[in-house]
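Peer 1: Take this structure first; my questions come after.
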Amino acid sequence: MDEIVDGLSEVSCDVLVIGGGTAGPMAALKAKAKNPKANVILLEKANVKRSGAISMGMDGLNNAVVPGYATPEQYTKEITIANDGIVDQKPVYKYAQKCYSIIEELDSFGIRFLKNENGDFAVKKVHHIGTYVLPMPNGETVKKALYRQLRRARILISNRYMATRLLTASDGRVAGAIAVNTRTAEFLVLKAKAVILCMGAAGRLGLPTSGYMFGTYENAANSGDGYAMAYHAGAALANLECFQINPLIKDYNGPACAYVAGPFGAYTANNEGSRFIECDYWSGQMMLEFFNELQSGKGPVFLKLNHLHENTIKEIETTLHKVERPTRGLFHEGRSTDYRREMIEMHISEIGFCSGHSASGVFVDEFARTTVPGLYAAGDMASVPHNYMLGAFTNGSVAGEDAMTYAENVDFAEFDAADVAKEQARVLAPTKREDGIPPNQIEYKARRLVNDYFQPPKVTRKFEIGQKRLGEVREDMEQSMMARNAHELLRALETASILDCADMAAHASLYRTESRWGLYHLRTDHPEKNNDDWFCHTLLSKKDGRMASEKRAVQPYVVPIAEDEKDLYDKQRVRASA
Ligand SMILES: Cc1cc2nc3c(=O)[nH]c(=O)nc-3n(C[C@H](O)[C@H](O)[C@H](O)COP(=O)(O)OP(=O)(O)OC[C@H]3O[C@@H](n4cnc5c(N)ncnc54)[C@H](O)[C@@H]3O)c2cc1C
């Protein structure tokens, strides 16, 4: 199976896009549209036809700023408040201004959105303040429609290549990337003038409580390679302590999903069937109330639909069971759970990094530029908070256009051939061992430690012990991990990314000595929010070969937030009324 083949080839292009899920295809399309004569390569670990978070489709756009429902200013304000104020508003505001044109473009690709009888987009309210959720009743077609556009634009697609490291020049510019074929282990060196990272969330960081290593909330191929690659190339990563933690269906580990069912009257309830949070939009504060309810003895927490009319439930099932995760219907069938009869048990997910749902990502500005010249990032792995699928499309488009402009104005940066040899040696080391530990065991151990020590509430002592234990796992990985074929080699490389992300999660969490973002960064030793010292971003990067964190001031707001609006997301708990 998947024999390891010796080989190395080299290609060059103007713009290299890594990750062909959501942001990547849009980045490639826009780069090519900007300069049809230029070479654009879209590199994907799996197959672009069915890869990434949207591989099976999507229920809706979680954050659509549609004229008549919301303004870019209102959206920017909502996301700033939802994120405890730690937001550089420029990228969020730019997204809010641009995303409607992207919706129209997606509509023209054949991806249909819910419309009312007048043919206008029918947007629903789920957020705490504004109205931003645009359902996609035929959202299962999203990947097919995207792929058609890639073929039409003649984008060069390299499937089954896993990028492992970025190449940089002595002046710090990006020079390309190194990738390994996931079926043969042959190397590919890609020289590029600009590189766009679109490799999704770090979704295999914690272990799902169901015990299935790949039963993650996130697309399981998103093992944090993008975060690790950016780190090793010297890019800064922002707010990694702001973990992603989601309210999911217990054991299924998919979204419950109040965004679809909420507008129909469903809600999150405790074991008495009572609503305890005012708003089901995912935020750190909402997750904290969820956690508190579990601690209070009123858990488990449930998604409640059994008060709804049969016709309403049928309509919800049509979307929830068929569009985004078609396995959901099968799950309920297997368990004999029926929305009509009972509430659906939920739980708190494993941790991860993801800007799509929280704010942890490779630092980018409003042009999707990272701190490494020529290197861009978009989607779940870039630092624009709460940007979800439409953010991936929109910021992917921003990245594609800006990267092509950059590429048009520079020559290829020169990298040191020794860097390629060094990376080959690192990658192939597990294949040179006759005996050792298989990657899945190292991965399991690392992720179990992440759950044991890093799942919030965060305890300093636990983090310190976790760091030590992970150091031992790293030693095992570097000295004893063994891969017998190309498939195991892929898993071995993913394990290295997971360990890098776990180390970064711990380092960033210990650096911020306060609590913020509800459950996402709840530190028992520093339980209060401390705006005097910590109303800032944190940036983590590799300095002199070591992990280092620093503060970065929040940039002046483009949309002012009034004093009495700042804590609106803190007021989530349903208050008892007389
Ligand atoms: C279960 C679930 C439900 C969601 N529901 C909604 C919803 O209803 N509405 C909404 O707006 N948003 C939703 N989201 C969020 C949305 O799907 C994501 O924000 C968005 O799709 C992220 O796009 P991306 O391009 O960053 O990542 P992805 O689309 O995941 O793409 C990342 C790609 O990178 C590839 N890759 C990873 N590592 C490498 C490597 N080393 N080399 C090469 N390729 C690599 C992966 O294979 C993948 O194809 C949901 C997410 C999940 C997980």
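Peer 1: 5 Å is the cut-off here: which amide hydrogens, built 1.01 Å from N in the peptide plane, fall below it relative to Ser55, excluding neighbours closer than 5 in sequence?
Peer 2: Result for Ser55 returns nothing.
Peer 1: Any chance you could give the angle, 0 to 90 degrees and rounded to 10, that helix 142-152 forms with the longest Cα principal axis of the chain?
Peer 2: So the inclination is approximately 40 degrees.
Peer 1: Label points 7 Å out from Cα along the Cβ direction at Leu510 and Val410: separation in nm?
Peer 2: It works out to 3.4 nm between the two label points.
Peer 1: Taking the square root of 5 times each eigenvalue of the Cα gyration tensor, what semi-axes in Å does the equivalent ellipsoid of the stretch 2-115 have, largest first? Numbers along the way, then the final one.
Peer 2: Working: eigenvalues 215, 59, 54 Å².
After scaling each eigenvalue by five and taking roots: 33, 17, 16 Å.
Peer 1: Considering amide H positions built from the backbone, and no H for Pro or chain starts, which residues 5 or more places from Ile277, or on another chain, come under 5 Å of its amide H?
Peer 2: Answer set, sorted by chain and number: Val574.
Peer 1: Only sites in a loop by DSSP and with at most 15 other Cβ atoms within 10 Å count here; which GluC sites (Glu not before Pro) in the stretch 1-90 make the cut? All intermediate terms of the calculation are to be shown ahead of the outcome.
Peer 2: Details: sites: Glu3, Glu10, Glu44, Glu73, Glu78; in loops: Glu3, Glu44.
Counting only loop positions with at most 15 other Cβ atoms within 10 Å, the GluC sites (Glu not before Pro) in the stretch 1-90 are Glu3.
Peer 1: Among all stretches of the chain without exposed chymotrypsin sites (Phe, Trp or Tyr not before Pro) (DSSP loop, at most 14 other Cβ atoms within 10 Å), which one is longest? Write out the running numbers ahead of the final one.
Peer 2: Numbers: sites that count: Tyr212, Phe214.
Value returned for the longest uninterrupted segment is 215-578.
Peer 1: Further question: In whole Hz, what ³J(HN,Hα) sequence does the stretch 44-53 give by Karplus (6.51, -1.76, 1.60; θ = phi - 60°), x for Gly and Pro?
Peer 2: 9, 5, 9, 10, 3, 4, 9, 10, x, 4
Peer 1: Continuing with this model, one more query. Under 20 Å from a point 7 Å along the Cα-to-Cβ line of Lys125: which residues of the stretch 62-91 have their amide N that close?
Peer 2: 62-83
Peer 1: Give me the number: length gained by fully extending Asp452 to Phe535, i.e. 0.36 nm times residue separation minus the C-alpha to C-alpha distance, one decimal in nm. Provide the component values of the computation, followed by the final result.
Peer 2: On the way: separation 83, 0.36 × 83 = 29.88 nm, distance 2.89 nm.
That works out to 27.0 nm of additional length.
Peer 1: Run the quick spin-label model on Lys37 and Asn271: label points 7 Å from Cα toward the beta carbon, then report their separation in nm to one decimal.
Peer 2: Modelled inter-label distance: 7.0 nm.
Peer 1: Next question, about the same structure. Along the stretch 343-353, what does the Karplus equation 6.51 cos²θ - 1.76 cosθ + 1.60 (θ = phi - 60°) give for ³J(HN,Hα), rounded to whole Hz, x for Gly and Pro?
Peer 2: Karplus-based 3J(HN,Hα) across the stretch 343-353 equals 7, 9, 5, 10, 8, 9, 6, 5, 7, x, 9 Hz.
Peer 1: Which distance in nm do the two modelled labels at Asp419 and Lys468 give, with both placed 7 Å along the Cα-to-Cβ direction?
Peer 2: Modelled inter-label distance: 3.7 nm.
Peer 1: On to the next question. Per DSSP helix of 4 or more residues, -39500 (n - 2.57); summed, then divided by the residues of the chain. What does that give at 222 nm, rounded to the nearest 500? Provide the component values of the computation, followed by the final result.
Peer 2: On the way: 15 runs with 199 residues, N = 578.
It lands at -11000 deg cm²/dmol.
Peer 1: Working out 0.36 nm times the residue gap between Ser296 and Ala220, then minus their Cα-Cα distance, what length gain in nm do you get to one decimal?
Peer 2: Numbers: separation 76, 0.36 × 76 = 27.36 nm, distance 3.25 nm.
Extra length from Ser296 to Ala220 when fully extended: 24.1 nm.
Peer 1: Note down the magnitude of the dipole of the chain about its Cα centre, charges +1 on Lys and Arg C-beta and -1 on Asp and Glu C-beta and zero elsewhere, to the nearest 20 debye. Don't skip to the end; give the middle numbers.
Peer 2: Values: 68 positive and 73 negative charges, 181 e Å.
The dipole of the chain has a size of about 860 debye.
Peer 1: Taking the alpha-carbon set of the stretch 499-559, what are its Rg and Dmax in Å?
Peer 2: Every Cα atom of the stretch 499-559 included, Rg and Dmax give 12.9, 39 Å.
Peer 1: Here is a further query. Long-range amide H contacts for Thr164: which residues qualify at under 5 Å (H placed 1.01 Å from N, peptide plane, sequence gap of 5 or more or a different chain)?
Peer 2: Long-range HN contacts for Thr164: Ile178, Ala179, Val180.
Peer 1: State the Kirkwood hydrodynamic radius of the chain in Å, one decimal place, computed from all pairs of distinct Cα atoms.
Peer 2: Values: mean 1/r = 0.0419 Å⁻¹.
Computed over the chain, the radius equals 23.9 Å.
Peer 1: Here's something else I'd like to know. Translational diffusion coefficient, Stokes-Einstein: compute it for the stretch 470-539 using the Kirkwood radius over C-alpha pairs as Rh, at 20 °C and 1.002 mPa s, and state it as an integer in µm² s⁻¹. Spell out each step's value before the answer.
Peer 2: Values: Rh = 14.5 Å.
Answer from the Stokes-Einstein relation: 148 µm²/s.
Peer 1: Something else now. Exactly which GluC sites (Glu not before Pro) in the stretch 257-344 are in a DSSP loop and have at most 14 other Cβ atoms within 10 Å?
Peer 2: Values: sites: Glu272, Glu278, Glu289, Glu293, Glu310, Glu315, Glu317, Glu324, Glu333, Glu342; in loops: Glu272, Glu278, Glu324, Glu342.
Within the stretch 257-344, the qualifying GluC sites (Glu not before Pro) (loop, at most 14 other Cβ atoms within 10 Å) are Glu272, Glu342.
Peer 1: So what's the angle, to the nearest 10 degrees on a 0 to 90 scale, between helix 417-428 and the longest Cα principal axis of the chain?
Peer 2: That helix lies at roughly 60 degrees to the long axis.
Peer 1: Students often get this wrong: which residues of the stretch 367-393 have the backbone nitrogen under 11 Å from the point 7 angstrom along Cα-to-C-beta of Val558?
Peer 2: Counting only backbone N, you get 367.
Peer 1: Oh, and also: Would you kindly state how much longer the chain becomes between Ala548 and Arg426 on full extension, computed as 0.36 nm times their sequence separation minus their alpha carbon distance, in nm to one decimal?
Peer 2: Working: separation 122, 0.36 × 122 = 43.92 nm, distance 2.31 nm.
So the chain would gain 41.6 nm between Ala548 and Arg426.
Values quoted throughout were computed directly from the atomic coordinates according to the rules given, and no laboratory measurement underlies them. Worth saying up front: this structure is predicted, and the values here are computed from it rather than measured. Glycine also receives a Cβ, built like all others from the backbone with ideal geometry; neighbour counts cover every protein chain displayed.
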